[in-house]
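Visitor: Okay, here's the structure, questions in a sec.
The values are calculated or read from the model by the stated rules, or taken from the named source; none is laboratory data. Values in this document were obtained by computation on a predicted structure and should not be read as measured data. Cβ atoms come from the backbone with ideal geometry, glycine included; neighbour counts cover every protein chain shown. When the accessible area is computed, the model is the full protein with side chains, heavy atoms only, and any ligands, DNA or RNA have been set aside. Shrake-Rupley method; radii C 1.70, N 1.55, O 1.52, S 1.80 Å.
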2 protein chains.
Amino acid sequence: MARRTKAEAAATREALLDAAEEVFLEKGVARTSLEQIARHADMTRGALYWHFRNKADLFQAMLQRVRMPFQELVEEIGDPSVTERPLEAIRLACLKGFERLEQPRYRRVHAILIHHCEVFGDIDPLAMQNEMAEEACGALIDYCGCAARLGHLRPGLDPEVAGELLQAMLGGLFHDWLRNHERFSILERGTLLLDTQLELMRAPASG
Amino acid sequence: MARRTKAEAAATREALLDAAEEVFLEKGVARTSLEQIARHADMTRGALYWHFRNKADLFQAMLQRVRMPFQELVEEIGDPSVTERPLEAIRLACLKGFERLEQPRYRRVHAILIHHCEVFGDIDPLAMQNEMAEEACGALIDYCGCAARLGHLRPGLDPEVAGELLQAMLGGLFHDWLRNHERFSILERGTLLLDTQLELMRAPASG
DNA sequence: CCTTTTACATACACCCTTGTATGGATGACG
DNA sequence: CGTCATCCATACAAGGGTGTATGTAAAAGG
């Protein structure tokens, strides 16, 4: 075998990550050996151990490709006026998130993180999920607080509870869909449920 | 070592299941060997292989101790008049569920099923979660449909969407809490969120 | 063009785990 | 009270996975 050029080496790395996604999703992280991943990418463990220190390192690199914090989604909307309509900001950011999740890579990696891996090595998936949940919930509560101050929230509805409600609902939908994505479209049902929920929480006809 | 009496043997079996719960929860199902479980129960693998065929069999027996279908919770309310107040039936059944989840055994086993195990052997935890979700969601939609026919639901709110909304919210809360139960009380926050959500979905003051 | 480094493939040693086979002591039972 | 099935411990064989060490041919770089 010959040494590859830098571009080929980078491609090898990506191929290994792609292979890891597929095998992890199919057989679970714990039950897949590095040998299986390497073979699935038409490589050997030698290549894998050159690009990554071990399975945990490979796993983290895999996650690195699909980071998607809530605040980033809000900024991606590109409309500065959404600050004045916080509930709409939530809505558009979630729609952005749904769209991303329909991309195979995002869906697969998140499904692995949520449903197909346990603690191993120095990796704690639950801690990562906690971080994601905290970040999202915090942002949602902030936006709900903002909405409350602007009078956009139904009177009597505590903004913190509203944020937690949204986070719980979105998280539940997220988990359900990732369990088997063929049951329904996250974009369709997500839009329907989110719009319904926001409508329930919105202040009635502010004539 | 001497042979035990039947009662002692049954106690051994329970002790092995208890040990499995604790070790599974701490280290994950895949990363725990049968040796570790046996030692944690002050036994050897011999005892384990006598009571269970393998890890999958042990796992299923562990789940068997905490079955909790939604319909069973409704029946446990013991008030036949709840049929006339479906939203109240949902509320009381969920409260029953919250209370059960605060028992260590129920909490631990569900946490293992949701967050600490992958597919292994002929066991597919996701299929089990799917069954649980389907059962709960179906029941919730039924009750919401009943509520709609009785005019208890906010006009314009599709009962199927209402059921899915409840299931997503409860599921999200469930997952969040099982991730680390020390953050909040499932009974307290669950009651708060559920009451808030039901209030949002309820038909306004039917004077 | 020569040297060095890169990007892998191959080979090796080690440990952990599983399943089963065997042993043995005693409760259950007639 | 003797026999048998039970309940569990111990021993054994086998396989699979990990990490590392070594080999190597070509790309990088001067």
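Visitor: Considering only the label points, 7 Å along Cα→Cβ from Cα, what distances in nm to one decimal separate residue A:72 from the same position in each other copy, shortest first?
Guide: Its label point is 4.3 nm from the equivalent points in the other copies.
Visitor: So what is the accessible area of the protein assembly as shown per residue, in Å², with the probe set to 1.4 Å? If you can, show how the numbers build up before the last one.
Guide: Values: 20070 Å² over 414 residues.
Per residue, the protein assembly as shown has an accessible area of 48 Å².
Visitor: Which residues of segment B:112-130 show a drop of at least 50 Å² in accessible area when all protein chains are present, compared with their chain alone (probe radius 1.4 Å, heavy atoms only, ligands and nucleic acids excluded)?
Guide: Correct list: B:115, B:118, B:119, B:126, B:130.
Visitor: Continuing with this model, one more query. Apply the Kirkwood formula to segment A:6-64: the hydrodynamic radius equals the inverse of the mean of 1/r over all pairs of different alpha-carbon atoms; give it in Å with one decimal.
Guide: About 11.1 Å for segment A:6-64.
Visitor: Then there's this: Mean shadow of the protein assembly as shown, computed from the convex hull of its alpha carbons, in nm²?
Guide: Working: hull surface 99.9 nm².
That works out to 25.0 nm².
Visitor: Now, a different point. Give the longest segment of chain A that steers clear of GluC sites (Glu not before Pro) in DSSP loops with at most 15 neighbouring Cβ atoms within 10 Å, not counting the sites themselves. Let's see the in-between values first.
Guide: Numbers: sites that count: A:102, A:182.
My reading of the result: A:1-101 is the longest stretch.
Visitor: What's the FRET efficiency of residue A:11 with residue A:63 using the Cβ-Cβ distance as r and R₀ = 30 Å, to the nearest 0.05?
Guide: 0.90
Visitor: Same structure, new question: Placing the label point 7 Å from Cα along the Cα-to-Cβ direction, what are the distances from residue A:158 to the equivalent spots in the other copies, shortest first, in nm to one decimal?
Guide: Counterpart label points of residue A:158 in the remaining copies fall at 3.2 nm.
Visitor: Could you look at the protein assembly as shown and say what percent of its accessible area is carbon and sulfur, using a 1.4 Å probe and all protein chains?
Guide: Details: 9920 of 20070 Å².
C and S fraction of accessible area: 49 percent.
Visitor: If one computes the Cα centroid of segment B:151-207 and of segment A:37-69, what distance in Å separates the two points?
Guide: Each part's Cα centre sits 40 Å from the other's.
Visitor: Further, regarding this structure: For label points placed 7 Å from Cα toward Cβ, what is the shortest-first list of nm distances from residue A:138 to its copies?
Guide: Nearest first, the other copies' label points are 4.2 nm away.
Visitor: Next question. Taking 10 Å² as the minimum loss, tell me which residues in segment B:185-201 lose that much accessible area going from the chain by itself to the full protein complex (1.4 Å probe).
Guide: B:189, B:192, B:193, B:196, B:197, B:200
Visitor: Shifting gears a bit: Which three lengths, in whole Å and largest first, does chain B cover when its Cα atoms are put on their principal axes?
Guide: 74, 31, 30
Visitor: Hey, what D do you get for segment B:58-181 in µm²/s if you plug the Kirkwood alpha-carbon radius into Stokes-Einstein at 20 °C and 1.002 mPa s?
Guide: It diffuses with D of about 138 µm²/s by this estimate.
Visitor: Among the residues of segment A:139-181, which ones have their accessible area go down by 50 Å² or more when all the protein chains sit together, as opposed to their chain alone (1.4 Å probe)?
Guide: Checking the loss per residue gives A:161, A:164, A:165, A:168, A:175, A:179.
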